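Reading through the structure tokens given below for one structure.
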């Protein structure tokens, strides 16, 4: 019944037209550039990375909101297309999304109970209104909303309550796949914790397959079974959270992890990355990270590292995958 | 900054924010001019509904013995308070019937144009691409031609039954509604709630009619209200020129048109309906502006 | 800039084509002109058939449309069924009369409207502003035929200063021009005021005033050029509407211009003449829109970018 989410060579390129003096030039922004991963049934994959690393584009590709440039996404063996036809709409029954901005994702003119009910109206027209109401009530209880909240309008609820409404609406059809795009980053920390607890309760009850996108490593550590680190549209490291988030191998993962303040670790041990991420329109040749990598070697500029599994770890870095490249580090001046 | 101001306002509430009188608050929400306009429109709608019960005479009843009688107080008798026209028909009865006809035509036409406008606007927003381009081009073409000229040309060759006339007036102003509905639908599409509705698998019909339409309805209603004066003016102008509603059917513009031949000897025939046209369009405009300011100040 | 001009030209051509097509189909699909022109019960069928053949009405509609487009391109738009000469001649014979009242009107209403709107915006919320805006709302809501009749009632019937209709002397022009100018100035004043008010509130104007630039210079150098776009738009519409805007007023004052010709042609169902007038107005509108579009490009460099076009 529950399926495996499988992603092969997924890419999404955006064409940008730049006005020149005489001719328009087309540049290509590779928002997502060749992702391959699997999420086992019932597993929760966390995706972390800076803004602009292609996390949100990945979320939209997974659910077929935007067409991919190449590659494919399958869920339980079924290909997920991006043409919003009847089949696509039917598939929504099995997969749902949770958004970053709960207020924006709710219709301001409809009471929240009716919004939670709407997926049932759309997908199960054979249900009686009473049966629907009962299910809405049950799912509201699951996410910790009391019944009287249902008669309110979105703007009358607090941020945490709204996010629970969104979760309830996504869960009311008991989806098999749930993609969460920064679901708690708009909430303050205490509310974040509550909402995350709701998440975990529900996962224990009906184990859906999930993808959880966040820039917040602590949140991902708490909720994910597997973590992928993205940089400029590619996965640079993927693996179990205790490995990736505690002993990261890729220099970029190491920098990300070291940026999380932790008790007992002096601030000077942080790895400060120089500069901004490169413009995704002009992705550097070779390893995309070489412009900022503190460990950069000559080979990194020429050769793009592949994501390779070795000894239980999966990393895309020459230094890790082929230690013979680990010659003399380039000095800073040359690197820039 | 915000916190400082909050602190200020709580500490000095007594002195800075003197409480307004109830009358003052009321007048701010309901300016006297708006109340007058609303009252007038209520009266017009009342007349439109109950005109057959209110008219003292049949509006077509000819009385050759009582031709061109002036209104009461201007030398006329009280049995024809507003006087009679060139055929001895009672001006009051004709005016009431004309109000009924003109108001009904204006409201029907505006509903048609709103329906067309919303439909095309939604189609453009949903399909985008070439459908959008085609609809926008038609909108541009419509804007490029004075509607009255188109209406005259169409009426010339379609003849003018009441149905055709109302349908034609129903094309007035559709392009404004189309632009507004298209813009609002496109921006609603980028907003979360429409995307969320799509994500739960709702059909486009459901997204547009159950989610987007209720959310933009306030703006559409304002646009509709602002369209009505234009329709009234168009209807009365065409009827005035003798190419709108045809006798024995009567409308306000029609009365003015036939009354102008008697402008010298019996000005009351045209003055009464003229005044009603002016006051009604003025009232609708005032109401429209007031609604716009209250509901949607962004609409211009 | 070249691209800007060419897309505008293309657009104008497309609009023109739509208007021509519209004219053709509305007028043809509306019904059989032969049956409209003759009463079938009283005319022998041979006469109607001959009429159809003469006007090409026996051909399929696509053939008729093709022939029509060719004819339009040759400037051949058929004969007036009522007057025995070409429809184009009939219409152009009336053009001077219309221009005599519409050209002075165009300048009068623009001058009055822009001046009143500017003053209202500069002395915003003063008594003066309120008075101008109230007058402008009246100008908006009073239909031209009512205004025309009231002016005629006062100045021609009661005071007997001016003639109530006709074409004999320059005095006959005064009432039509006055009617159209009052109504038009109201529209222009309203647009001017709102454009000015909007610009006056922008930061660069406040900055200029804060720098100590004299207020006269602020208005001429900063406010006017930026407020010009909406004003020019209205002017463009009115310019294109020079022929079409006079229908009602020409009828009221028995002015023998194109507007009145349109009404009488409609009443007598003179197909060819209505068509020519429709096309003439369409061409005027499209040309003035094109002119205005190009003017925009000069006034406001932002208009040249493709984004501004769609927004």
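Every number here is computed from the coordinates shown, using simple stated rules; none is lab data. Given the structure is predicted, the values throughout are model-derived calculations rather than measurements. For neighbour counting, all protein chains shown are included, and Cβ atoms are generated from backbone atoms with ideal geometry for every residue, glycine included.
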Q: Rank by packing, highest mean first: peptides C:181-187, C:100-106, with packing defined as the count of other Cβ atoms within 10 Å averaged across residues.
A: C:181-187, C:100-106
(Q) For Cα pairs less than 8 Å apart in space and 6+ apart in sequence, what is the mean separation divided by the residue count of chain C, i.e. the relative contact order in percent? (A) 26 percent
Q.
Over chain B, what is the relative contact order in percent, taking alpha-carbon pairs closer than 8 angstrom and at least six residues apart?
A. 20 percent
Q: Give the calculated FRET efficiency between residue C:6 and residue B:140 to the nearest 0.05, with a Förster radius of 25 Å applied to their Cβ-Cβ distance.
A: 0.90
Q. Which shape class applies to chain A: rounded if a/c is under 1.5, otherwise prolate when a/b exceeds b/c and oblate if not, where a ≥ b ≥ c are the square roots of the Cα gyration tensor eigenvalues?
A. prolate
Q. What number in nm² do you get for chain C if you take the convex hull of its Cα atoms and divide its surface by four?
A. 21.2 nm²
Q: Between residue A:247 and residue A:303, with labels modelled 7 Å along Cα→Cβ, what's the label distance in nm to one decimal, could you check?
A: 2.6 nm
Q. What ranking do A:295-301, C:134-140 get when scored by the average of other Cβ atoms within 10 Å per residue, highest first?
A. A:295-301, C:134-140
Q) Between residue C:49 and residue B:265, how many nm apart are label points set 7 Å from Cα along the C-beta direction? A) 5.1 nm
Q.
Taking a ≥ b ≥ c as the square roots of the Cα gyration tensor eigenvalues, with a/c under 1.5 meaning rounded and otherwise prolate when a/b beats b/c, else oblate, which class fits the stretch A:80-176?
A. oblate
Q. Taking other Cβ within 10 Å of each residue's Cβ, how do C:221, C:211 sort, fewest first?
A. C:211, C:221
Q. To one decimal place, what orientation-averaged projected area in nm² is obtained for the convex hull of the Cα set of the protein assembly as shown?
A. 54.1 nm²
Q) Pulled fully out, how much extra length does the chain show between residue A:16 and residue A:124, if you take 0.36 nm times their separation in residues and subtract their Cα-Cα distance? A) 34.7 nm
Q | Residue of A:245, A:303, A:145 that the Gaussian network model of chain A assigns the largest fluctuation, springs spanning Cα pairs under 10 Å | A | A:303
**Q.** Anisotropy class of chain B from Cα gyration tensor, a/c 1.5 cut
**A.** oblate
Q.
Can you tell me the orientation of helix B:91-127 relative to chain B, as the angle in degrees between its alpha-carbon axis and the longest Cα principal axis, to the nearest 10?
A. 30 degrees
Q | residue C:197-residue B:65 FRET efficiency (beta carbon distance; Förster radius 51 Å; 0.05 resolution) | A | 0.30
Q: Go ahead and run the numbers for FRET between residue C:171 and residue B:108, Cβ-Cβ distance against an R0 of 41 Å, rounding to 0.05.
A: 0.40
Q) Can you sort C:74, C:222 by how many other beta carbons sit within 10 Å, fewest first? A) C:74, C:222
Q | Cα centroid separation, the stretch A:158-189 to the stretch A:81-105 (Å) | A | 13 Å
(Q) Tell me the mean residue ellipticity at 222 nm calculated for chain B from its helices only (DSSP H runs of n ≥ 4, each -39500 (n - 2.57), averaged over every residue, nearest 500). (A) -23000 deg cm²/dmol
Q: Please work out the Cα convex hull volume for the stretch C:96-256 and give it in Å³ per residue.
A: 117 Å³
Q) For B:236-246, what's the mean count of beta carbons from other chains sitting within 10 Å of each residue's beta carbon? A) 4
Q) How crowded by other chains is C:263-274, given as the mean number of beta carbons from other chains within 10 Å of each beta carbon? A) 3
Q: Enumerate the residues in the stretch B:99-119 having an amide nitrogen under 20 Å from the point lying 7 Å beyond the Cα of residue B:53 toward its Cβ.
A: B:99-104
Q: Give me A:8, A:79 ranked fewest to most by other Cβ atoms within 10 Å of their Cβ, as a rough exposure proxy.
A: A:79, A:8
**Q.** Euclidean distance between Cα centres, the stretch B:166-234 to the stretch C:240-262, Å
**A.** 36 Å
Q | Within chain A, helix-based [θ] at 222 nm, where runs of 4 or more DSSP H residues each add -39,500 (n - 2.57), nearest 500 | A | -8500 deg cm²/dmol
Q: Quickly rank B:167-176, A:68-77, A:272-281 as a protection proxy: mean count of other C-beta atoms within 10 Å, highest first.
A: B:167-176, A:68-77, A:272-281
Q) Roughly how many nanometres apart are two label points built 7 Å out from the Cα toward the Cβ at residue B:45 and residue C:72? A) 4.4 nm
**Q.** Shielding by other protein chains, B:201-211, mean Cβ within 10 Å
**A.** 4
(Q) As I understand it, the value is the acute angle between the Cα axis of helix B:268-295 and the longest principal axis of the Cα atoms of chain B; what does it come to in degrees, rounded to 10? (A) 10 degrees
Q. Using alpha-carbon pairs under 8 Å, 6+ residues apart, how would you state the relative contact order of chain A in percent?
A. 19 percent
